[in-house]
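The values are calculated or read from the model by the stated rules, or taken from the named source; none is laboratory data. All of these numbers come straight from a predicted model, not from anything done at the bench. Note that we place each Cβ from the backbone using ideal geometry, even for glycine, and neighbour counts take in every protein chain shown. With ligands, DNA and RNA removed, areas are computed over all heavy atoms of the protein, side chains included. Shrake-Rupley method; radii C 1.70, N 1.55, O 1.52, S 1.80 Å.
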Amino acid sequence: MWQPEPGWQRLPGAGPSTLGVWAAREDDGDVVVKRLLAPTPHDPPEYLQPTHPAYWRRAAEVAESGVVAGTPGLREAELVRVREDAEGITLVHRRVPEAGSSGLFLARSVGRFAQAEVPDLPWLARDQLGARLSQVERRGGWATLDRTPVADVAHHLWLRREALLGQVAALPQVPQHGDPVPANLLGHQGDDVVAVDWSTLGRGPVGGDLGYLSLSTREAFEPLFIAYFTGLPDGLASPEQVMLAARVTAVYTVLTRADWALARVAGGEGALAGKFRHPSVAPYLLAMQRQFTQIEALLT
Ligand SMILES: Nc1ncnc2c1ncn2[C@@H]1O[C@H](COP(=O)(O)OP(=O)(O)O)[C@@H](O)[C@H]1O
Ligand SMILES: [Mg+2]
(Lines give C-alpha, C1' and ligand atoms only; values in the text may rest on other atoms or scores of the structure.)
(Ligands and ions follow the chains in the order given, each with its own letter.)
Protein backbone atom coordinates (compact mmCIF):
# COMPACT_ATOMS: atom_id res chain seq x y z
CA MET A 1 0.00 0.00 0.00
CA TRP A 2 1.22 3.49 -0.83
CA GLN A 3 2.19 5.56 2.20
CA PRO A 4 3.76 8.95 2.80
CA GLU A 5 7.38 8.69 3.78
CA PRO A 6 8.57 9.47 7.30
CA GLY A 7 9.70 13.07 7.48
CA TRP A 8 7.22 14.41 4.97
CA GLN A 9 5.21 17.32 6.29
CA ARG A 10 1.47 17.28 5.73
CA LEU A 11 0.02 20.40 4.11
CA PRO A 12 -3.54 21.64 4.63
CA GLY A 13 -6.19 20.59 2.14
CA ALA A 14 -7.10 17.33 0.40
CA GLY A 15 -10.27 17.21 -1.67
CA PRO A 16 -12.65 14.28 -2.10
CA SER A 17 -10.49 11.91 -4.19
CA THR A 18 -7.18 12.94 -2.63
CA LEU A 19 -5.41 11.12 0.17
CA GLY A 20 -3.31 14.14 1.04
CA VAL A 21 -0.63 16.67 0.14
CA TRP A 22 2.86 16.71 1.68
CA ALA A 23 5.98 18.87 1.54
CA ALA A 24 9.15 16.82 1.09
CA ARG A 25 12.83 17.39 0.59
CA GLU A 26 14.58 15.48 -2.19
CA ASP A 27 18.20 15.46 -3.28
CA ASP A 28 17.72 18.21 -5.81
CA GLY A 29 15.30 20.43 -3.89
CA ASP A 30 11.97 20.92 -2.14
CA VAL A 31 8.91 19.26 -3.64
CA VAL A 32 5.22 18.82 -2.92
CA VAL A 33 3.68 15.36 -3.23
CA LYS A 34 -0.04 14.89 -3.88
CA ARG A 35 -1.64 11.48 -3.74
CA LEU A 36 -4.80 10.91 -5.84
CA LEU A 37 -6.94 7.89 -5.00
CA ALA A 38 -8.39 5.72 -7.75
CA PRO A 39 -12.17 5.54 -7.32
CA THR A 40 -13.70 2.47 -5.71
CA PRO A 41 -17.18 1.12 -6.54
CA HIS A 42 -18.47 3.08 -3.52
CA ASP A 43 -17.45 6.43 -4.99
CA PRO A 44 -19.80 8.64 -7.01
CA PRO A 45 -19.81 7.75 -10.72
CA GLU A 46 -18.77 11.33 -11.60
CA TYR A 47 -15.21 10.54 -10.49
CA LEU A 48 -14.90 8.46 -13.67
CA GLN A 49 -16.47 10.97 -16.09
CA PRO A 50 -13.66 12.79 -17.92
CA THR A 51 -15.57 16.06 -18.41
CA HIS A 52 -17.05 16.21 -14.90
CA PRO A 53 -15.31 18.65 -12.53
CA ALA A 54 -14.82 15.77 -10.05
CA TYR A 55 -12.93 13.52 -12.58
CA TRP A 56 -10.27 11.92 -10.41
CA ARG A 57 -7.40 11.72 -12.94
CA ARG A 58 -7.50 15.26 -14.29
CA ALA A 59 -4.58 16.66 -12.26
CA ALA A 60 -2.39 13.84 -13.58
CA GLU A 61 -3.56 14.35 -17.18
CA VAL A 62 -2.76 18.05 -16.88
CA ALA A 63 0.71 17.31 -15.52
CA GLU A 64 1.58 14.63 -18.08
CA SER A 65 0.29 16.62 -21.06
CA GLY A 66 2.10 19.81 -20.04
CA VAL A 67 -0.79 21.88 -21.48
CA VAL A 68 -0.45 24.62 -18.87
CA ALA A 69 3.31 24.37 -18.30
CA GLY A 70 3.94 27.62 -20.14
CA THR A 71 0.60 29.40 -20.50
CA PRO A 72 0.25 33.18 -20.05
CA GLY A 73 -1.28 34.51 -16.82
CA LEU A 74 -1.34 31.20 -14.94
CA ARG A 75 1.04 28.32 -15.37
CA GLU A 76 1.63 25.03 -13.60
CA ALA A 77 4.37 24.60 -11.02
CA GLU A 78 7.33 22.66 -12.46
CA LEU A 79 6.56 18.96 -12.68
CA VAL A 80 9.04 16.51 -11.16
CA ARG A 81 7.26 13.20 -11.86
CA VAL A 82 3.95 11.33 -12.08
CA ARG A 83 3.72 7.70 -10.91
CA GLU A 84 0.69 5.47 -11.18
CA ASP A 85 -0.08 2.19 -9.38
CA ALA A 86 -3.20 0.09 -8.85
CA GLU A 87 -4.51 2.30 -6.01
CA GLY A 88 -3.83 5.75 -7.31
CA ILE A 89 -1.46 8.33 -8.72
CA THR A 90 1.38 10.22 -7.04
CA LEU A 91 2.08 13.68 -8.40
CA VAL A 92 5.30 15.46 -7.52
CA HIS A 93 5.88 19.16 -8.29
CA ARG A 94 8.59 21.60 -7.26
CA ARG A 95 7.66 23.50 -4.16
CA VAL A 96 6.53 27.01 -5.11
CA PRO A 97 7.60 29.86 -2.80
CA GLU A 98 4.57 31.84 -1.65
CA ALA A 99 4.52 35.23 -3.34
CA GLY A 100 1.63 36.74 -1.35
CA SER A 101 0.23 38.38 -4.49
CA SER A 102 -2.62 40.88 -4.20
CA GLY A 103 -6.11 39.91 -5.30
CA LEU A 104 -5.81 42.47 -8.09
CA PHE A 105 -2.70 40.82 -9.50
CA LEU A 106 -4.42 37.43 -9.28
CA ALA A 107 -7.53 38.76 -11.04
CA ARG A 108 -5.49 40.24 -13.86
CA SER A 109 -3.53 36.99 -14.23
CA VAL A 110 -6.70 34.91 -14.33
CA GLY A 111 -7.92 37.28 -17.07
CA ARG A 112 -4.67 36.85 -19.01
CA PHE A 113 -5.05 33.09 -18.78
CA ALA A 114 -8.21 33.39 -20.92
CA GLN A 115 -5.95 33.86 -23.97
CA ALA A 116 -4.06 30.59 -23.32
CA GLU A 117 -4.11 28.11 -26.17
CA VAL A 118 -5.32 24.93 -24.53
CA PRO A 119 -6.21 22.17 -27.02
CA ASP A 120 -9.65 20.64 -26.89
CA LEU A 121 -8.70 17.61 -24.76
CA PRO A 122 -11.32 15.03 -23.76
CA TRP A 123 -10.60 15.36 -20.04
CA LEU A 124 -11.05 19.12 -19.72
CA ALA A 125 -13.85 20.03 -17.29
CA ARG A 126 -17.04 21.33 -18.92
CA ASP A 127 -20.00 23.22 -17.50
CA GLN A 128 -18.53 23.28 -14.01
CA LEU A 129 -21.25 25.42 -12.45
CA GLY A 130 -24.02 23.42 -14.14
CA ALA A 131 -22.53 20.16 -12.82
CA ARG A 132 -22.34 21.53 -9.28
CA LEU A 133 -25.92 22.79 -9.40
CA SER A 134 -27.10 19.40 -10.69
CA GLN A 135 -25.60 17.86 -7.56
CA VAL A 136 -27.52 20.38 -5.45
CA GLU A 137 -30.67 19.60 -7.39
CA ARG A 138 -30.31 15.87 -6.69
CA ARG A 139 -30.21 16.52 -2.96
CA GLY A 140 -33.33 18.71 -3.18
CA GLY A 141 -32.12 22.25 -3.95
CA TRP A 142 -31.10 24.85 -1.37
CA ALA A 143 -33.51 23.37 1.17
CA THR A 144 -31.84 24.86 4.24
CA LEU A 145 -31.62 28.39 2.83
CA ASP A 146 -35.40 28.12 2.55
CA ARG A 147 -35.52 28.32 6.35
CA THR A 148 -33.54 31.58 6.58
CA PRO A 149 -34.27 35.28 5.99
CA VAL A 150 -32.90 34.93 2.43
CA ALA A 151 -35.49 32.26 1.57
CA ASP A 152 -37.37 34.41 -0.98
CA VAL A 153 -34.23 35.52 -2.75
CA ALA A 154 -32.79 32.00 -2.78
CA HIS A 155 -36.03 30.55 -4.07
CA HIS A 156 -36.23 33.10 -6.87
CA LEU A 157 -32.62 32.52 -7.93
CA TRP A 158 -33.05 28.76 -7.74
CA LEU A 159 -35.93 29.01 -10.22
CA ARG A 160 -33.89 31.28 -12.49
CA ARG A 161 -30.85 29.02 -12.57
CA GLU A 162 -31.52 27.35 -15.89
CA ALA A 163 -32.22 30.62 -17.69
CA LEU A 164 -29.06 32.20 -16.27
CA LEU A 165 -26.91 29.13 -16.95
CA GLY A 166 -28.21 29.22 -20.51
CA GLN A 167 -27.19 32.88 -20.93
CA VAL A 168 -23.77 32.13 -19.50
CA ALA A 169 -23.28 29.10 -21.77
CA ALA A 170 -23.81 31.39 -24.78
CA LEU A 171 -20.87 33.65 -23.77
CA PRO A 172 -17.37 33.19 -25.23
CA GLN A 173 -15.80 30.09 -23.66
CA VAL A 174 -12.20 30.32 -22.48
CA PRO A 175 -9.68 28.19 -20.58
CA GLN A 176 -10.30 28.31 -16.83
CA HIS A 177 -8.41 27.06 -13.79
CA GLY A 178 -11.69 26.15 -12.10
CA ASP A 179 -10.50 26.63 -8.50
CA PRO A 180 -8.76 30.02 -8.52
CA VAL A 181 -8.41 30.70 -4.78
CA PRO A 182 -5.30 32.43 -3.37
CA ALA A 183 -4.12 29.14 -1.79
CA ASN A 184 -3.86 27.68 -5.31
CA LEU A 185 -2.36 30.81 -6.93
CA LEU A 186 0.78 30.74 -4.85
CA GLY A 187 3.76 31.72 -6.88
CA HIS A 188 4.97 34.53 -9.09
CA GLN A 189 7.32 34.25 -12.04
CA GLY A 190 7.90 37.10 -14.45
CA ASP A 191 4.46 38.56 -15.12
CA ASP A 192 2.67 35.29 -14.39
CA VAL A 193 1.22 33.39 -11.46
CA VAL A 194 2.57 29.91 -10.75
CA ALA A 195 -0.52 27.92 -9.81
CA VAL A 196 -1.10 24.53 -8.20
CA ASP A 197 -4.16 22.26 -7.96
CA TRP A 198 -5.16 21.97 -11.61
CA SER A 199 -7.71 19.23 -10.99
CA THR A 200 -10.57 21.34 -12.41
CA LEU A 201 -8.84 22.77 -15.50
CA GLY A 202 -11.40 23.22 -18.23
CA ARG A 203 -13.31 25.61 -20.40
CA GLY A 204 -15.91 27.99 -19.14
CA PRO A 205 -17.54 31.36 -19.78
CA VAL A 206 -15.26 34.37 -19.84
CA GLY A 207 -15.53 35.88 -16.32
CA GLY A 208 -16.31 32.57 -14.60
CA ASP A 209 -12.93 32.23 -12.86
CA LEU A 210 -13.21 35.88 -11.79
CA GLY A 211 -16.50 35.26 -9.99
CA TYR A 212 -14.98 32.32 -8.16
CA LEU A 213 -11.83 34.25 -7.23
CA SER A 214 -13.89 37.17 -5.90
CA LEU A 215 -15.29 34.91 -3.15
CA SER A 216 -11.92 34.46 -1.49
CA THR A 217 -10.02 37.71 -1.93
CA ARG A 218 -10.04 40.75 0.29
CA GLU A 219 -10.69 43.20 -2.54
CA ALA A 220 -14.20 44.24 -3.53
CA PHE A 221 -15.86 42.92 -6.67
CA GLU A 222 -15.52 46.11 -8.79
CA PRO A 223 -11.73 46.53 -8.59
CA LEU A 224 -11.27 42.81 -9.20
CA PHE A 225 -13.52 43.07 -12.24
CA ILE A 226 -11.46 45.94 -13.64
CA ALA A 227 -8.20 44.08 -13.05
CA TYR A 228 -9.56 40.95 -14.75
CA PHE A 229 -10.89 42.91 -17.69
CA THR A 230 -7.51 44.62 -18.11
CA GLY A 231 -5.90 41.19 -18.36
CA LEU A 232 -8.28 39.88 -21.04
CA PRO A 233 -7.22 40.02 -24.69
CA ASP A 234 -8.75 42.98 -26.54
CA GLY A 235 -12.11 42.35 -28.13
CA LEU A 236 -12.68 38.93 -26.58
CA ALA A 237 -15.73 39.97 -24.57
CA SER A 238 -17.68 43.02 -23.48
CA PRO A 239 -17.70 44.23 -19.87
CA GLU A 240 -21.36 43.20 -19.62
CA GLN A 241 -20.57 39.65 -20.71
CA VAL A 242 -17.77 39.30 -18.18
CA MET A 243 -19.95 40.81 -15.46
CA LEU A 244 -22.77 38.37 -16.15
CA ALA A 245 -20.63 35.23 -15.90
CA ALA A 246 -18.74 36.54 -12.86
CA ARG A 247 -21.96 37.38 -11.05
CA VAL A 248 -23.70 34.13 -11.85
CA THR A 249 -20.63 32.10 -10.80
CA ALA A 250 -20.09 34.06 -7.57
CA VAL A 251 -23.74 34.12 -6.52
CA TYR A 252 -24.64 30.50 -7.26
CA THR A 253 -21.42 29.28 -5.66
CA VAL A 254 -21.78 31.36 -2.51
CA LEU A 255 -25.44 30.35 -2.01
CA THR A 256 -24.57 26.68 -2.53
CA ARG A 257 -21.81 26.90 0.07
CA ALA A 258 -24.02 28.74 2.58
CA ASP A 259 -26.76 26.14 2.16
CA TRP A 260 -24.25 23.31 2.61
CA ALA A 261 -22.75 24.89 5.74
CA LEU A 262 -26.19 25.45 7.28
CA ALA A 263 -27.38 21.96 6.39
CA ARG A 264 -24.49 20.44 8.35
CA VAL A 265 -25.65 22.05 11.62
CA ALA A 266 -29.40 22.12 10.91
CA GLY A 267 -30.00 18.57 12.18
CA GLY A 268 -29.08 19.19 15.83
CA GLU A 269 -31.26 20.66 18.54
CA GLY A 270 -32.61 24.21 18.53
CA ALA A 271 -33.90 26.69 15.99
CA LEU A 272 -31.87 27.23 12.84
CA ALA A 273 -31.67 31.00 13.49
CA GLY A 274 -29.73 30.26 16.67
CA LYS A 275 -26.97 28.70 14.57
CA PHE A 276 -26.16 31.60 12.24
CA ARG A 277 -23.25 32.58 14.50
CA HIS A 278 -21.90 29.04 14.77
CA PRO A 279 -18.20 29.15 13.79
CA SER A 280 -18.72 26.53 11.08
CA VAL A 281 -21.53 28.61 9.54
CA ALA A 282 -20.80 32.30 10.17
CA PRO A 283 -17.98 32.67 7.59
CA TYR A 284 -20.25 31.28 4.87
CA LEU A 285 -23.07 33.66 5.75
CA LEU A 286 -20.63 36.55 5.81
CA ALA A 287 -19.35 35.54 2.38
CA MET A 288 -22.95 35.54 1.17
CA GLN A 289 -23.60 38.99 2.64
CA ARG A 290 -20.57 40.33 0.78
CA GLN A 291 -22.30 39.31 -2.47
CA PHE A 292 -25.59 41.13 -1.86
CA THR A 293 -24.90 43.70 -4.58
CA GLN A 294 -24.29 40.88 -7.08
CA ILE A 295 -27.32 38.97 -5.84
CA GLU A 296 -29.49 42.04 -6.25
CA ALA A 297 -28.21 42.58 -9.77
CA LEU A 298 -29.37 39.09 -10.75
CA LEU A 299 -32.85 39.60 -9.30
CA THR A 300 -33.87 42.38 -11.67
N1 LIG B 1 3.88 22.89 -5.58
C2 LIG B 1 3.51 23.46 -4.43
N3 LIG B 1 4.32 24.36 -3.80
C4 LIG B 1 3.97 24.93 -2.63
N5 LIG B 1 2.82 24.66 -1.98
C6 LIG B 1 1.98 23.77 -2.54
C7 LIG B 1 2.26 23.13 -3.78
N8 LIG B 1 1.24 22.29 -4.06
C9 LIG B 1 0.35 22.42 -3.06
N10 LIG B 1 0.79 23.31 -2.13
C11 LIG B 1 0.09 23.72 -0.88
O12 LIG B 1 -0.75 22.68 -0.46
C13 LIG B 1 -2.11 23.10 -0.49
C14 LIG B 1 -3.00 21.92 -0.91
O15 LIG B 1 -2.62 21.46 -2.19
P16 LIG B 1 -3.69 21.40 -3.38
O17 LIG B 1 -3.03 20.77 -4.54
O18 LIG B 1 -4.27 22.75 -3.56
O19 LIG B 1 -4.73 20.39 -2.77
P20 LIG B 1 -6.31 20.49 -2.52
O21 LIG B 1 -6.90 19.75 -3.66
O22 LIG B 1 -6.48 19.81 -1.22
O23 LIG B 1 -6.71 21.93 -2.48
C24 LIG B 1 -2.13 24.28 -1.45
O25 LIG B 1 -3.21 25.14 -1.20
C26 LIG B 1 -0.80 24.92 -1.16
O27 LIG B 1 -0.87 25.70 0.00
MG1 LIG C 1 -6.15 23.57 -3.52
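Worth a mention:
- The chain: calculated mean residue ellipticity at 222 nm from DSSP helix runs of at least 4, using -39500 (n - 2.57): -11500 deg cm²/dmol
- Distance from the stretch 128-179 to the stretch 236-300 (C-alpha centre basis), Å: 11 Å
- Positive-end ranking of V254, Q9, V96 along the dipole of the chain, with charges on Cβ about the Cα centre, is headed by V254.
- Cα extents for the stretch 154-300 along the principal axes, largest to smallest and rounded to whole angstrom: 54, 36, 26.
- Relative pair counts by distance (%), Cα atoms of the stretch 167-252, 10 Å bins: 18, 53, 28, 1
- Available extension along the chain between Q115 and E5 is 35.6 nm, counting 0.36 nm per residue and deducting the alpha carbon span.
- Note on the stretch 93-233: Cα Rg divided by 2.2 N^0.38 Å, N the number of residues, gives 1.14.
- Accessible surface computed residue by residue for the chain, with neighbouring protein chains in place and a 1.4 Å probe, gives 48 Å² per residue.
- Volume of the convex hull of the stretch 9-94 (Cα atoms only), normalised per residue: 115 Å³.
- Remark: spin-label model distance A183-E137 equals 3.0 nm, labels positioned 7 Å along the Cα→Cβ axis.
- The chain, relative contact order in percent, only Cα pairs under 8 angstrom and at least six apart counted: 18 percent
- Radius of gyration over Kirkwood radius for the chain, both on Cα atoms: the Rg/Rh ratio is 0.97.
- Each of V118, A24, F276 was scored by the projection of its Cα onto the charge dipole of the chain, and the greatest displacement toward the positive side belongs to F276; charges sit on the C-beta of Lys, Arg, Asp and Glu.
- Multiplying the residue separation of A273 and D43 by 0.36 nm and subtracting their alpha-carbon distance yields 79.4 nm.
- Among the protein heavy atoms of the stretch 103-299, carbon and sulfur supply 55% of the accessible surface, probe 1.4 Å, non-protein parts ignored.
- Put a dot 7 Å past the Cα of R264, heading toward its Cβ, do the same for E222, and the two dots end up 3.4 nm apart.
- Options L232, V194, L171, ranked by Cα towards positive dipole end of the stretch 109-234, top entry (Cβ charges): L171
- For the pair S280 and D234, label points projected 7 Å from Cα toward Cβ lie 5.3 nm apart.
- Debye, to nearest 20: dipole size of the chain, +1 on Lys, Arg Cβ, -1 on Asp, Glu Cβ: 780 debye
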